[in-house]
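Colleague: Below you will find the structure I want to go over with you.
Only the coordinates and a few stated rules stand behind these numbers; no lab work does. Just so you know, these numbers come straight off a predicted model, no measurement behind them. Here the Cβ positions follow ideal geometry from the backbone for every residue, glycine too, while neighbour counts run over all protein chains shown.
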Amino acid sequence: MLSGLVFADHNADGRRDPAEPGLPGVLVSNGTEVVVTDVTGHYALTVRDRTAVFVIKPPGYAVPRGAHNLPYFYRLHWPAGTGETLRYGGVPATGELPETHHFPLLPAVSHEAFSVLVVADPQVHNRAQIGYYERRFIEELSARKDFAFGVMLGDIVRNDLSLFDPYLPVNARLPGPIFHVVGNHDIDYDATSFTTAVATFNRNFGPANYALMEGAAVFVVLNNVYTPLPGEAKAGGEYTGGLTPDAEAFTANLLSHVPADRLVVLCQHIPFVPGPARPSAHRPADQHRLLALLRGRRVLALSGHTHTQWHARLAQDSGWHGEEPLRQWVVGTASGSWWGGAPDQDGLPTATMKDGTPPGYGILHVNRTDYRLEYRVPGRPPEHQLNLVSPRHVVARERDQAIQVNVFNGSERTEVAIRIRPGSDQWVPLQYAPGIDAEYAGRVWQRDVSEVPLAGTRLPPSTESLHLWQGSLPRSLPVGSYEIEVRARDEWGVESFVRRPLDVHPAKLPYGRN
């Protein structure tokens, strides 16, 4: 049994002073059970070996930050250490449990409207790629002051967990505390239990299942990497999306203390199905049990993992039952297509994702229980939200001049339209048409047919993009010079534009189809 106090640490020294009050009504958990502090701020919990005890940050408070700017809201309890030999070390022995452990919380301004940085899959393979990550993302984001905190949606590294060490001081430059989710490439695959499979993650980032509150929202962070354990994990990384018993118990007990009118933001690495992920990406029974726990609530699910970006709205056929579909945002990855592709003007891999999305990061804007989702491409202005594939030169009255627009964070609710100027000012809607991104496929083809070696590495094959629109150029354009203008309006009314020149040339028969 462990008992202690959650208190307001007014001078931020980590120790409770006589004038610093205990905080009633704060949630504390051992990873499965969840208790509420009493009127004096005290809690008591049973604690199993090889687990963690942690405080669930309430609105109006912040958690202290430890080494590398990481949020420090937990105490690991692994008295004898991991108990098995792991390549990447696991958790060293923490010794016996003390009689008491106090959790300091820092008083902070409570905002009903706030923004959260969302990063998925840096998935660095080596120190060179940590450098890519630093140059593309950290240098741009480090100066920002507008995030309440950040969430890293897993696949921090790619299987080599020793890279946590050089990653941490680089990532420490991100603004605000960054809460980490475990990904399938962050697992100890030589472990023999669900518990020890995340031991090295625990040592570096804390518990794999936890929560925090901000405004009228509760963020529920779950490890949904279901490894085929005990005793069957392979070094190649066998896994699927699932729900471990601890994650299920924690979620059920947590939600019993959360009012039904709160926004629940579920943060897990592997997305629910259906979607562009492989059909076996999530254990169906596990998905249905988790969705049943969330039933009747307003839920936004955040994931990474697929190295594509897409939105899904889960309904009854996915196991969801609610007044509105459950919204899932699978965020485009920081590593893009695994740091592949040709080098850009800065010498960094272009790493365009298989659906034509550039590598980037998300921003979740919350206002009470409403939200808006924004995607940003580092090094580009905020307006860079779409790409237009269209002819640069055409012959007058030529047929079948197709155009394609990729709205990186688009969905079926996005409105996309085109106009050509000079000419009519009327916007003509384009057709929503998921498929293969033409520019991405062209890059792969050009590399394959090149007679000379090209810099960089080959991008992976194309996959279906769920944010494409298509149309065609009008045949009626007279000879002359024009500008194609495309407007995308997302479901929150935010507009973005892209423009491209077009020259129409005289037809020279008999060539050309007109």
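Colleague: For the stretch 423-461 and the stretch 88-156, write down the distance between their C-alpha centroids in whole Å.
Modeller: First find each Cα centre; the distance between them is then 35 Å.
Colleague: Still on this model: Using the per-residue mean of other Cβ atoms lying within 10 Å as a proxy for protection, in what order, highest first, do the peptides 300-308, 13-21, 380-388 fall?
Modeller: Details: 300-308: 25.1, 13-21: 11.9, 380-388: 16.0.
Top to bottom by mean Cβ count within 10 Å: 300-308, 380-388, 13-21.
Colleague: For V407, V377, what's the fewest-to-most ordering of other Cβ within 10 Å of each Cβ?
Modeller: Least crowded to most crowded, the residues run V377, V407.
Colleague: Still on this structure, I have one more. Just the Kirkwood number for the stretch 309-448, please: inverse of mean 1/r across all distinct Cα pairs, in Å, one decimal.
Modeller: 17.7 Å
Colleague: Collect residues whose amide H, placed 1.01 Å from N in the peptide plane, falls under 5 Å from the amide H of V151; neighbours closer than 5 in sequence don't count.
Modeller: Amide H neighbours of V151, under 5 Å, 5+ apart: L117, V118, V119, F179.
Colleague: Label the stretch 386-505 by shape, choosing from rounded, prolate and oblate, from the square roots a ≥ b ≥ c of the eigenvalues of the Cα gyration tensor; if a/c is under 1.5 it is rounded, and otherwise prolate applies when a/b is larger than b/c, oblate when it is not.
Modeller: Note, shape of the stretch 386-505 comes out oblate.
Colleague: For the pair R413 and E324, what calculated FRET efficiency results from E = 1/(1 + (r/R0)^6), where r is the Cβ-Cβ distance and R0 = 22 Å, to the nearest 0.05? Show your work: numbers first, answer last.
Modeller: Values: r = 13 Å, r/R0 = 0.59.
With a Förster radius of 22 Å, E is 0.95.
Colleague: How many percent of DSSP beta bridges within the chain run antiparallel, rounded to 5? Before the final figure, lay out the partial values.
Modeller: Values: 76 of 107 bridges.
For the chain, the DSSP antiparallel bridge percentage is about 70.
Colleague: Let me ask something additional. What shape does the stretch 88-190 take by its C-alpha gyration tensor, where a ≥ b ≥ c are the square roots of the eigenvalues and a/c under 1.5 counts as rounded, a/b above b/c as prolate, and the rest as oblate?
Modeller: Taking the square roots of the gyration eigenvalues as a ≥ b ≥ c, the stretch 88-190 is oblate.
Colleague: Counting pairs of alpha carbon atoms under 8 Å apart in space and at least six apart in sequence, what relative contact order in percent does the stretch 23-147 give?
Modeller: Working: 165 pairs, mean separation 22.0, N = 125.
Computed over the stretch 23-147, the figure is 18 percent.
Colleague: Right, something else. Output the peptides 176-184, 85-93 sorted from most to least packed, where packing is the average of other Cβ atoms within 10 Å over each peptide's residues.
Modeller: Put in order of decreasing packing, that is 176-184, 85-93.
Colleague: Here's another thing I want to ask about it. If you place +1 on the Cβ of every Lys and Arg and -1 on the Cβ of every Asp and Glu, how big does the dipole about the Cα centre of the chain come out, in debye to the nearest 20?
Modeller: Here the size comes out at about 1180 debye.
Colleague: Which one of V449, G304, G362 has its Cα pushed farthest toward the positive end of the charge dipole of the chain, where Lys and Arg give +1 and Asp and Glu give -1 at the Cβ?
Modeller: V449
Colleague: Aspartates and glutamates near K145 by alpha-carbon distance under 19 Å, same-chain residues fewer than 8 away left out - which ones?
Modeller: Filter leaves E112, E134, E214, E374.
Colleague: Which whole number in µm²/s is D for the stretch 316-358 by Stokes-Einstein, with the Kirkwood Rh taken over Cα pairs at 20 °C and 1.002 mPa s?
Modeller: Working: Rh = 12.8 Å.
The diffusion coefficient I find is 168 µm²/s.
Colleague: Taking the Kirkwood radius as the inverse of the mean 1/r across Cα pairs, report the Rg/Rh of the stretch 256-372.
Modeller: Here Rg/Rh amounts to 1.04.
Colleague: Which one of T40, A342, G319 is farthest out on the positive end of the charge dipole of the chain, using unit charges on Cβ (Lys, Arg +1; Asp, Glu -1) and the Cα centre as origin?
Modeller: Final value for the positive-end residue is A342.
Colleague: From the Cα gyration tensor of the stretch 1-82, with a ≥ b ≥ c the square roots of its eigenvalues, which class applies: rounded if a/c is under 1.5, or else prolate if a/b is larger than b/c, or else oblate?
Modeller: oblate
Colleague: In percent, how large is the relative contact order of the chain, given Cα pairs closer than 8 Å and 6 or more residues apart?
Modeller: Relative contact order here is 11 percent.
Colleague: Same structure again: What is the calculated FRET efficiency for V452 to S256, with r their C-beta to C-beta distance and R₀ = 45 Å, to the nearest 0.05?
Modeller: 0.10
Colleague: While we're here: Exposure proxy check: K57, K145 ranked by fewest other beta carbons within 10 Å?
Modeller: Ordered from fewest to most neighbouring Cβ atoms within 10 Å, K57, K145 come out as K145, K57.
Colleague: How do D503, D190, D437 rank when sorted from fewest to most other Cβ atoms within 10 Å of their own Cβ? Don't skip to the end; give the middle numbers.
Modeller: Values: D503 12, D190 16, D437 24.
Arranged by neighbour count, lowest to highest, D503, D190, D437 become D503, D190, D437.
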